[in-house]
Amino acid sequence: MTIIKEIPSKETYAVRQPVLRAGKPIESCIFEGDDLETTHHFGLFENENLTGIISLFSQINSIFAAKNQAQIRGMAVLDTHQKKGFGEALVKHCENYCNENKVQLIWFNARTAAVGFYKKMNYEVLGEPFDIKDVGEHYLMYKKL
């Protein structure tokens with residue numbers, strides 16, 4: 001059985017570290033704003049095991065005109081559980097949450113390898129690739145809700 005529920009930021013580290021910060025210290029899994037009241041972390045559990053995570057930050061990107069925006073950060077599914085639709089389920093869960101809370105636009109910095117995944121869910125690339133220090137090449141992506 002698969003369920004998605006809100007979890008504390010510290011619980012995300014078990015997936016953030018091996019997928020997004022492999023070989024780096026656990027402290028690299030702490031994101032600025034993780035523990036703000038406006039930040040929400042969701043975990044996908046398969047048979048009660050945490051296998052995927054996504055974090056939703058109330059964050060305005062001035063490039064976009066929308067007044068109510070959310071930024072997705074730290075979306076990850078354990079390697080052994082990828083290609084099962086879990087990533088898509090996590091993103092859709094965030095979209096539903098945003099729709100319920102009158103958020104008009106979701107944006108994020110997507111790793112180059114993940115751009116195709118997000119395009120399948122109708123996210124658009126804006127601008128040229130850029131490098132995030134110690135993480136790699138990314139693209140700004142967004143979707144109007």
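Amide H of VAL103: which non-local residues (sequence gap of 5 or more, or other chain) have their own amide H closer than 5 Å, using H built in the peptide plane?
So VAL103 has HN proximity to no qualifying residue.
Would you mind pulling out the separation of the Cα centroids of the range 83-145 and the range 1-65, in Å?
The two parts, judged by their Cα centres, are 14 Å apart.
What is the log10 of I(q)/I(0) for the chain, computed with the Debye formula using one identical point scatterer on each Cα and no solvent, at q = 0.10, 0.12, 0.19 Å⁻¹?
One equal scatterer on each Cα of the chain leads to -0.31, -0.46, -1.25.
Could you check how much of the accessible area of the chain is carbon and sulfur, as a whole percent, using a 1.4 Å probe?
So the carbon and sulfur contribution to the accessible surface is 50 percent.
Is the shape of the range 64-129 rounded, prolate or oblate, going by the alpha carbon gyration tensor and its root eigenvalues a ≥ b ≥ c, with a/c under 1.5 for rounded and a/b larger than b/c for prolate?
Details: a/c = 2.29, a/b = 1.31, b/c = 1.75.
In terms of gyration-tensor shape, oblate.
Show that you can apply the helix-only estimate: for the chain, add -39,500 (n - 2.57) for every DSSP H stretch of four or more residues, divide by all residues, and state [θ] at 222 nm to the nearest 500. Each step should come with its number before you reach the end.
Working: 3 runs with 32 residues, N = 145.
Helix-only estimate at 222 nm: -6500 deg cm²/dmol.
When ligands, DNA and RNA are left out and all protein chains stay put, how many square angstrom of accessible area per residue does the range 32-106 have with a 1.4 Å probe?
The answer is 54 Å² per residue.
Could you work out how much longer the chain between LYS144 and ASN96 gets when fully extended? Use 0.36 nm per residue separation minus the Cα distance between them, nm to one decimal.
Working it through step by step, the gained length comes to 16.0 nm.
If the label point is 7 Å along Cα→Cβ of ALA89, which residues in the range 34-53 have backbone nitrogen under 15 Å from it?
Within reach of a label on ALA89, which here means backbone N under 15 Å from a point 7 Å along Cα→Cβ, the range 34-53 contributes 42-53.
Could you tell me which of GLY127, VAL103, ASN49 has its Cα farthest along the dipole of the chain towards the positive end, charges placed at Cβ (Lys, Arg +1; Asp, Glu -1), taken about the Cα centre?
In the chain, that residue is GLY127.
Going highest first, how would you order 21-27, 35-41, 11-17 by mean Cβ packing within 10 Å? Provide the component values of the computation, followed by the final result.
Values: 21-27: 11.1, 35-41: 14.3, 11-17: 20.1.
Result, highest mean first: 11-17, 35-41, 21-27.
So how do LYS144, LYS84 rank on accessible area, 1.4 Å probe, biggest first, that is with the largest at the start?
Working: LYS144 155, LYS84 105 Å².
Per-residue accessible area, sorted high to low, gives LYS144, LYS84.
Explain nothing, just the number: dipole magnitude of the chain about its Cα centre with +1 on each Lys and Arg Cβ and -1 on each Asp and Glu Cβ, in debye rounded to the nearest 20.
The calculation lands at about 400 debye.
Which entries in the list LYS5/LYS133; LYS83/LYS144; LYS84/LYS144; LYS10/LYS67; LYS67/LYS143 go over 20 Å, if you measure between the two C-alpha atoms of each?
Numbers: LYS5/LYS133 31 Å; LYS83/LYS144 25 Å; LYS84/LYS144 26 Å; LYS10/LYS67 29 Å; LYS67/LYS143 14 Å.
In this structure, LYS5/LYS133; LYS83/LYS144; LYS84/LYS144; LYS10/LYS67 exceed 20 Å between Cα atoms.
The values are calculated or read from the model by the stated rules, or taken from the named source; none is laboratory data. Here the structure is a predicted model, which is why all the values come from computation and not from measurement. Reconstructed Cβ throughout: ideal geometry from the backbone, glycine too, with neighbour counts over all protein chains shown. Surface accessibility is based on the protein's heavy atoms, side chains included, excluding ligands, DNA and RNA. Shrake-Rupley method; radii C 1.70, N 1.55, O 1.52, S 1.80 Å.
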